[in-house]
Amino acid sequence: MTTACSTPPPSATTKINRVSGTIVSSAMKVHSLLGPGLLESAYQACLAHELRKRGLRVETQVPLPVVFEGEKLDIGYRIGLLVEDLIIVEIKCVEAIHPVHQAQLLSYLRLSRRQLGLLINFYVAHLKDGITRMVDGYGWDR
């Protein structure tokens, strides 16, 4: 008689790494089909479409309030893409990523209490050169 063995559910880290890998491969597909130079909104829409085709939950332009002295203030911040309610993806199409772009993503991570973000610059010739992975939180290998 054979007994069925159930595999344990993947750890949070494993799931986050799997989802981030899917995001990166999807972004590479979008970049290879569209090339550099379009508006950020075009890449965002195409990446969201591709991620949904791959079975991931994707929200776009998610409002991000700032909590100040116990009050939620809607200041107008928007997360570009929120994938599986885990990973923030910020899309850029600029000649170079500057510290202010990284600070923006880090601030979004802290305000939303998410731990992983991807900053993807579609302006580059080879997308692997335009991806920055940012981590915020405890218990993560930085």
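Some observations on this one:
- Among the residues making up the stretch 105-123, those that are closer than 15 Å to Gln44 by Cβ and either within 14 Å of the chain's Cα centre (by Cα) or not aromatic (Phe, Trp, Tyr) (or both) are Leu105, Tyr108, Gly117, Leu118, Leu119, Ile120, Asn121, Phe122.
- Only one of the listed residues (Ile79, Ile120, Ile87) is surrounded by 11 or more Cβ atoms within 10 Å (Cβ to Cβ), touching a Leu at 6+ places or on another chain (Cβ under 7 Å) and touching a residue at least 40 places away in the same chain (Cβ under 8 Å). That residue is Ile87.
- Selection of the stretch 59-82 for residues being hydrophobic (A, V, I, L, M, F, W, C) and closer than 22 Å to Pro36 by Cβ yields only Leu81.
- Wholly within the stretch 54-142, strands (runs of 3 or more DSSP E) carrying at least 1 residues that are farther than 18 Å from Met28 by Cα and among the aliphatic types (A, V, I, L, M): 58-63, 66-68, 71-73, 78-83, 116-121, 131-135
- Neighbours by Cβ (under 6 Å, 6+ apart or cross-chain): first from the stretch 123-135, free of Cβ contacts under 8 Å to residues at least 60 places away in the same chain; second surrounded by fewer than 18 Cβ atoms within 10 Å (Cβ to Cβ) and not in a helix (DSSP H, G or I): Val135/Arg142
- Annotation note: Cβ proximity below 7 Å between a residue of the stretch 92-114 that is under 14 Å from Ile79 (Cα atoms) and a residue that is among the polar types (S, T, N, Q) and not in a loop (DSSP other than H, G, I, E, B) (sequence gap 6+ or interchain) occurs for Lys92/Asn121; Gln102/Thr132.
Any read-out appearing in this document is the output of simple, stated calculations on the displayed coordinates, not a laboratory observation. This structure is a prediction, so every number in the text was calculated from the model and none was measured. Virtual Cβ from ideal backbone geometry, glycine too; neighbours counted across all protein chains shown.
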